[in-house]
1. Which condition number does residue 172 fail, the rest of (1) modelled with pLDDT of 80 or more; (2) over 24 Å from residue 87 (Cα atoms); (3) within 23 Å of the chain's Cα centre (by Cα); (4) not aliphatic (A, V, I, L, M) being met?
2. Residue under question is residue 313, and the condition is that it be at pLDDT 85 or above, surrounded by 15 or more Cβ atoms within 10 Å (Cβ to Cβ) and in a helix (DSSP H, G or I); does it hold?
3. Which number in (1) farther than 13 Å from residue 94 by Cα; (2) at pLDDT 80 or above marks the one condition that residue 56 misses?
4. I want to confirm something. Restricting to the stretch 256-300 and keeping residues that are in contact with a helix residue (DSSP H, G or I) (Cβ under 6 Å, 6 or more places away or on another chain) and without any contact (Cβ under 8 Å) to a residue 40 or more places away in the chain, which single residue is most open to solvent (accessible area, probe 1.4 Å)?
5. Report every pair of residues separated by at least 6 positions or lying on different chains whose Cβ atoms are under 6 Å apart, first residue within the stretch 134-145 and closer than 13 Å to residue 14 by Cα, second buried (at least 21 other Cβ atoms within 10 Å of the Cβ) and aromatic (Phe, Trp, Tyr).
6. So residue 435 fits all but one of (1) open to solvent by 10 Å² or more (accessible area, probe 1.4 Å); (2) at negative phi; (3) at pLDDT below 85; (4) of a type outside the set (Val, Ile, Thr); what number is the exception?
7. Whether any residue in the stretch 328-339 is assigned to a helix (DSSP H, G or I), surrounded by 21 or more Cβ atoms within 10 Å (Cβ to Cβ), among the aliphatic types (A, V, I, L, M) and in contact with a helix residue (DSSP H, G or I) (Cβ under 8 Å, 6 or more places away or on another chain) is what I want to check.
8. Looking at 340, 266, 345, which is the one that is in contact with a Lys or Arg (Cβ under 8 Å, 6 or more places away or on another chain) and within 17 Å of residue 446 (Cβ to Cβ)?
Amino acid sequence: MNKTAAPGVLSHPYRACTLAVSSTFVLVAFAGLALSTVMPVAVQDLGGLGLYALAFGGFLTTGIVGTVLAGGWADRRGPAPALCAGLLCFAGGAVMSGAAQAMWPFLLGRYVQGLGGGAVTVALYVVVGRAYPAALRPRMFSLITACWIVPSMVGPPIAGAVTERLSWHWVFHGIALLGVLALTLLARPLARLTHHGAAPDGTDGTDGTDGGGLRVGPALAVAVGAGLLQYAGAESAPYRWVAAVAGLALLVARLRPLLPAGTLSGRPGIPSLVLLRGVAAGAYFTIETYIPLMLVNERQWSPGLAGMSLTGAALTWFAASWLQGHPGLPWPRERVVFAGALIHGAGAAVTLSGALRAMPAATVAVGLLVAGFGMGLLLPGVGVLTLEHSPTNQQGRNSAALQLSDNLSSVLLVGACGALFNVAHVRSGQDSAAFLAVFAAALAAAAAAGPLARRITPARAEEEKNDATL
């Protein structure tokens, strides 16, 4: 007797939604890589080189507000309104930046775009939670990872060619058109995810819980605090210590309401998952940020060759993500996440060893390949487990907490390592010592991911698992 094959993410019931969600993630990936490529040209053309960091940092800080707003909105009304609003903000911000003839309107467009980008990512996570049964979510997260592969290869060359032959303005306008296209592709699948529709597990998606309106104030405060700390990390910033103290005070006072209770102490379950996402992502993003600079400045690699290490890491990330999404995976997902944390830490250790002059330069790139593989196991698994352990009416809030932890940890750790790099460079007079200090800090963060990954199983689920083995 032949068994009927289980439906996949491209089977008839899910095909339209899968294509729409993946297309939107391709847009987000392409936009990020393409706009990063043209940003130096745009900023210099507008005479705002001194504000270069704000073009990136502002995008991330307004994204914090977008994640909180979208998470609460998605829990109250379903993901469709938040996703549509996010895409409109993303496209509108791109139009504003593309039309700018001065630096401040350009930055304003970037901030609007960041607000939309944060909302889009969170809303798409809720779409995955609402539209797919638990068995298909790992495959969807594998597909989401794959959506970054092609943009990482074609995004920068296309953006560079458009900038050289036309203008950097047209890159932003093209991103806006792609945003509108993504919105049209999502219209039909989103129509099925109505406010009162049931989730795949049969539960209702709404109740009277807070939808995020009461958390807008804390989100704004945290965004401002993150921006102040990023400003304080600049080497020549005036009043940098005042900014650092004020930014830290805002984070301490207002961060807690935006995260699940027990996140900062690593409570088992959702809190540990949120904290793990931030710690691992911050460590990896810091390593990824400084590897090209080190290979070019210290080992005299060409920028193109140094950039290939990032492409290679994207490929190992995808390979591991595909592996964790395989339906025949014989290990519990918690164990896969723990393995990913250990592999990520090993990659950070190899990278640190490569910062030593006695080691070949390729050791640094190899470390990034290993770390990328670990992240491919870890991050999708964290997303799957968060949706699995979240009631339907809290998927938006918890997905927002994941994204907030990711963004905030990356901003803070990269900023702290930037300040550490400057101090180490001044004291030693050598870039090699400064890079060693940065990678050591990233390794410390990556090492913390292993113990956290042992705490991601909720206490009740762990007790039931132990009772079943007796």
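The values are calculated or read from the model by the stated rules, or taken from the named source; none is laboratory data. These numbers were taken from a predicted model, which means no experiment stands behind them. Every residue, glycine among them, receives a Cβ derived from its backbone with ideal geometry; neighbour counts consider all protein chains shown. SASA here: full protein model, heavy atoms, side chains in, ligands and nucleic acids out. Shrake-Rupley method; radii C 1.70, N 1.55, O 1.52, S 1.80 Å.
1. (2)
2. No.
3. (2)
4. Looking at residues that are in contact with a helix residue (DSSP H, G or I) (Cβ under 6 Å, 6 or more places away or on another chain) and without any contact (Cβ under 8 Å) to a residue 40 or more places away in the chain, I get 296.
5. Correct list of pairs: 140/132.
6. (1)
7. Yes: the stretch 328-339 contains one or more residues that are assigned to a helix (DSSP H, G or I), surrounded by 21 or more Cβ atoms within 10 Å (Cβ to Cβ), among the aliphatic types (A, V, I, L, M) and in contact with a helix residue (DSSP H, G or I) (Cβ under 8 Å, 6 or more places away or on another chain).
8. 266
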